[in-house]
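One structure is given here, and the rest of the page talks about it.
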């Protein structure tokens with residue numbers, strides 16, 4: 001249990017640092033911003049208590065907000081994503097449910113399942129994030145395009161991470 005907890009603390013720190021030092025600098029003219037840090041919420045075990053998900057999401061988003069000087073925007077989007085996670089997992093659950101000891105990764109459930117799972121949650125996160133950030137209706141279509149493209153780039157990075165970094169969780 002302690003070993004598992006420390007693994008998630010290290011993953012948390014690494015993903016925050018990757019986001020702040022690398023992915024925030026990938027911005028294509030400030031239009032497309034991949035939010036790789038959401039991978040932390042995606043890879044939490046199925047057994048993670050429901051009440052702790054929004055708390056973890058808040059802490060993760062708050063760390064990103066502190067580094068990017070966006071007070072509460074990432075925190076609120078990550079809390080929404082963490083809150084939606086159990087509903088999405090239930091919606092796309094295999095017929096027999098999730099096996100004990102399995103993780104929501106590509107290696108456990110395959111590309112189709114993981115793509116659905118990550119795409120839904122990443123889109124929830126990104127659309128909320130970008131619409132709260134802009135907070136005006138006049139830029140609805142520009143924000144929609146920005147959220148869609150940023151979601152696509154984030155999904156690509158998340159899928160690639162499953163092949164190269166998180167082969168077995």
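FYI, it's all coordinate maths here, none of it is from the lab. Keep in mind it's a predicted model, so treat the numbers as computed, not measured. We place every Cβ from the backbone using ideal geometry, glycine too, and count neighbours over all the protein chains shown.
So here's what we get for this one:
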| quantity | calculated |
| --- | --- |
| Residues that are in contact with a helix residue (DSSP H, G or I) (Cβ under 8 Å, 6 or more places away or on another chain) and not in a helix (DSSP H, G or I), drawn from the range 131-169 | 166, 167, 168, 169 |
| Test: residue in the range 56-76 that is without any contact (Cβ under 8 Å) to a residue 40 or more places away in the chain, touching a helix residue (DSSP H, G or I) at 6+ places or on another chain (Cβ under 7 Å) and closer than 18 Å to residue 161 by Cβ | no |
| Scope the range 93-114; condition surrounded by 12 or more Cβ atoms within 10 Å (Cβ to Cβ) and in a loop (DSSP other than H, G, I, E, B); matching residues | 93, 98, 102, 103, 104, 105 |
| Any hit, the range 59-67, residues being under 13 Å from residue 121 (Cα atoms) and under 12 Å from the mean Cα position of the chain (by Cα) | no |
| Any hit, the range 123-130, residues being out of contact with any helix residue (DSSP H, G or I) (no Cβ under 8 Å at 6 or more places or on another chain) and either crowded, with 18+ Cβ neighbours inside 10 Å or part of a loop (DSSP other than H, G, I, E, B) (or both) | no |
